[in-house]
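Notes to accompany the following structure.
The values are calculated or read from the model by the stated rules, or taken from the named source; none is laboratory data. Predicted model, so just to flag it, every value in this text is computed and none were measured. Note that each Cβ is placed from the backbone with ideal geometry, even for glycine, and that neighbours are counted across all protein chains shown. Ligands, DNA and RNA are stripped out before the accessible areas are found, and what is left, the full protein with its side chains, is counted by its heavy atoms. Shrake-Rupley method; radii C 1.70, N 1.55, O 1.52, S 1.80 Å.
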Amino acid sequence: MSAGPGRWLLLAAACLAAGCGLAERKAERYRVEQTAYAAHKAEREVRLMRTRPDSTALLKLRAEYARVRAVSTPPYIRGASVRDRSVGRDVLRLVAGAELQSARLAIEAGRPDIALESSRWLADHAEGDTLVARQSDFLAVGALRMMGRQNEAIERMRGMLTRYPPNPPPAGSSEEDAILTVPEMMAGVRRDQGDEAGAKRELDNGAAYLRGLLSEPRDPMLEAQIRSRLVRILLEQNQAAAAIEQVSALDRLVAANPPLRELQPELEYSRAKIRAMTDHDPGEGTAMLEQFAARYPKHPLASRALLDAAVFLEDAKRLPDALARYREVVARYPGDEELAPIALFREAMLEERTGDWDRAKSTLESLPVKYPRSQAAVEAPFTIAMRYYARGDKDAAKVALGRAVAIYTDMIAKDSTSAYAPVCRYNILRAHLSLGEWDKALAAVDELALRNPRHPFTAQALLEGAKVANANHQRDRAAGYLQQYLEFFPDSPLAAQVRQQKNALLQ
Amino acid sequence: MAREIRTMRAAALEALGSFRFYEFAPFAWILAAELLVLGLAMNLGTTAGMATAGWLTERLAGDRPLHYPDFYRFLPNLITNIEAILFLVAGSVLIPLAIIRILRPIDPASFPERDTGARVRQAVLPVLIGALICLALIVGWQWVLHQRAVEGTIRTFARGFAGSAVVAALGMLVGYAVWTFFVFVPVVAVQPGRSPGSAIGSGLRAASQNFFPVYLVVVGLSLPAAAMLLVLQVMGNFLVGQIRPEIIGVLVGIYVVCSMFATFFIYAAAARLYQAQQAEAA
């Protein structure tokens, strides 16, 4: 049977239609890229201006990124051919990337609620793409943390550990899967809440999770990364014997797999820290830590090695040596926002212990200026006042408390949504209570309840506020604080007792 | 030499002064095709743009340049490739046609109206072969120039922006020199009774006899297009990344128009020079 011209035309039309389908998808991808680029450019231009963009400007920029969603309509991964679906996946990831950017700006503008909405949208439109689903979860964790919903953030992270098995790094790369950092992040959240026991619990859970991962055969690089995380957690928990066991396993793994040789420095650090932890005299271990920092000054663990050496020396009462190491951490790694403030704080404490209070005071005063987004910066102003009290200089302590309130107010104004803002607000309350400024103390309680309703410090503040209000003959206000406590913390073990007190106040 | 330069200058000035759209029309067709591709390329976000300019881009370099704003980094390459193909294929017909239209008012007896079709057919093969050889030589030269040893040596004398400018300028100047050798091939190919072999041979001979004055005219008339190409080659990344990617499209458009007019005037000047020399010899 011969094919007539009609059939050939039909075949050509079908080919064209098939090609056009792919072209249409690629054109769509191009439009998404164009819109995302325009948003990126708009942001770059705003950032280049002299003044920092305020929240209104940030939300306008966010709207630019949010426009990307409107350029393409879901479902993104569609079409019959593999190429169609592959381009669709590109489109999905581009839209997700833009949505993440918009959420980032919302968070920067102090609107984590918008970021949380973005995360929900991403989860609803992930279309089975694990990368997008993970991004959505990480975004939700950040937004929840900013909203003070720390427990929900932790629960979300716990869910992520079960949902997303860690992936080995792509060929030729040693990039670690972010999911492996989640257990330590959970401990960090607990620590930010001032819940050390909770942090320890999360580390225990983290170690169990990592051990669980090791119960199955893994890609050597991934196994090394898991073991390396486990060693860090075990060292943090002071479990030297278990850490040694993991270091030995890691040693064997590195010996059997030459591409893992880049983990050698980390092994060296772990061995040095274990030595310092286990030896009666930590001299040799601290020397090994110092040698590590000298040999690999640019390694991410170099600053930690020096700080660890200083802490071991301090524990061994070798205070001048410890002080020198703390100063070295600050001098050599001023950009390490995690460890440099800790080193500076401990430096101040040692300066005071070695009799140099003036220097200690000026070191503490420098902390909120140098590292305003650190726990140490939050502790420093209050610590100055406490040290004055401890030295019996009450007048100076009162002046220091007044100054601390001013510093905290300034820190909150600069970054009202940081993880440390609730701590600053709580410290303002403590300062007013110490100064006997009851009205200001109650105003601080109101501020905490308004800004950080579910934060553990708010629970404490509401109970303090109720006491102060009652003592100042404001029974209704006291009852109101207790009512807020019951609303914000219904599962608290103190709930029954608080309800009783509230009822008593209202009678 | 001075006399040859004066003659070529006069031919170039006459070509510029006696512009007629009828003569330029064959080039205008090529220009229209290039501008159409450029227009489609500037609209890659539409299905039509992606199915045409996008398809061509994919044939040349795969999927990688089909992203915004990277596509604009590739756009000059796309257009110069399209330009080369158009000149090679459509140009084999349209350039002889334009030259016949230029020469008819000068020498009506040699270029009668009724012979136009036959004369174009006679010229197609030598013009195509000449263009192919010319293209191969220019591509070969660009390949040599961009070898690490050659480019590295140049960049040891001129670093950074200056180095890029020197490499680009050298690439263009030598490219124009190669092209100068083939400028007379279509002019000779449309002459009465020329076989393909003799058209190419005589064309090359005429070019080597008049090389320097013709080269000066080629470079002189191509300056606006060359300047635009230099900007695109040296500052392309900067324009895409820091200013606005679409600027590349506008500059490419200006380049295409300048380049087309320059090519037309160069052929017109070469045709006039050749015809004058033939008349003088007779």
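General observations
- Of residues in region A:90-99 being under 17 Å from A:Ala63 (Cβ atoms) and buried (at least 21 other Cβ atoms within 10 Å of the Cβ), the one farthest from the chain's Cα centre (by Cα): A:Val95
- Some residue of region A:423-437 being open to solvent by 40 Å² or more (accessible area, probe 1.4 Å), modelled with pLDDT under 95, of a type in the set (Ser, Thr, Tyr) and part of a helix (DSSP H, G or I): yes
- Residue match in region A:20-42 (condition: away from every other protein chain (no Cβ under 12 Å), open to solvent by 30 Å² or more (accessible area, probe 1.4 Å) and under 30 Å from the mean Cα position of the chain (by Cα)): no
- Of the criteria (1) open to solvent by 70 Å² or more (accessible area, probe 1.4 Å); (2) outside any helix (DSSP H, G or I), which one A:Ala255 fails: (2)
Results for (1) open to solvent by less than 60 Å² (accessible area, probe 1.4 Å); (2) of a type outside the set (Ser, Thr, Tyr); (3) without any contact (Cβ under 8 Å) to a residue 12 or more places away in the chain; (4) not in a helix (DSSP H, G or I), shown as yes or no for each residue.
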position: A:Ala293; (1), (2), (3), (4): yes, yes, no, no
position: A:Val311; (1), (2), (3), (4): yes, yes, no, no
position: A:Pro320; (1), (2), (3), (4): no, yes, no, no
position: A:Glu328; (1), (2), (3), (4): yes, yes, no, no
position: A:Asp336; (1), (2), (3), (4): yes, yes, no, yes
position: A:Ile342; (1), (2), (3), (4): no, yes, no, no
position: A:Arg346; (1), (2), (3), (4): no, yes, no, no
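- When B:Val218 is tested against (1) part of a helix (DSSP H, G or I); (2) over 19 Å from B:Leu135 (Cβ atoms); (3) open to solvent by less than 50 Å² (accessible area, probe 1.4 Å), just one condition goes unmet, and that condition is (2).
- Residue ID - nearest to A:Lys467 (Cα to Cα), chosen from residues in region A:411-422 that are assigned to a helix (DSSP H, G or I) and touching a residue at least 12 places away in the same chain (Cβ under 8 Å): A:Pro422
- So A:Ile274, is it under 18 Å from A:Ala376 (Cα atoms), free of Cβ contacts under 8 Å to residues at least 40 places away in the same chain and not in a loop (DSSP other than H, G, I, E, B): no
- When each of B:Gly140, B:Gly201, B:Gly163 is tested for being closer than 30 Å to B:Arg114 by Cα, open to solvent by less than 50 Å² (accessible area, probe 1.4 Å) and assigned to a helix (DSSP H, G or I), the lone residue that passes is B:Gly201.
Rundown of residues vs (1) small (Gly, Ala, Ser); (2) free of Cβ contacts under 8 Å to residues at least 60 places away in the same chain; (3) surrounded by 20 or more Cβ atoms within 10 Å (Cβ to Cβ); (4) not assigned by TED's automatic domain parsing to the domain that holds A:Phe292, yes/no style:
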residue: A:Arg325; (1), (2), (3), (4): no, yes, yes, no
residue: A:Arg359; (1), (2), (3), (4): no, yes, no, yes
residue: A:Ser362; (1), (2), (3), (4): yes, yes, no, yes
residue: A:Pro381; (1), (2), (3), (4): no, yes, yes, yes
residue: A:Ala385; (1), (2), (3), (4): yes, yes, yes, yes
residue: A:Arg391; (1), (2), (3), (4): no, yes, no, yes
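- The residues in region A:60-116 that are over 23 Å from A:Lys41 (Cβ atoms) and not in a helix (DSSP H, G or I) can be counted, and the count is 10.
- Inter-residue pairs, beta-carbon under 6 Å, first within 30 Å of A:Ala255 (Cβ to Cβ) and in region A:196-221, second of a type in the set (S, T, N, Q) and open to solvent by 10 Å² or more (accessible area, probe 1.4 Å), 6+ apart: A:Leu203/A:Gln237; A:Pro220/A:Asn257
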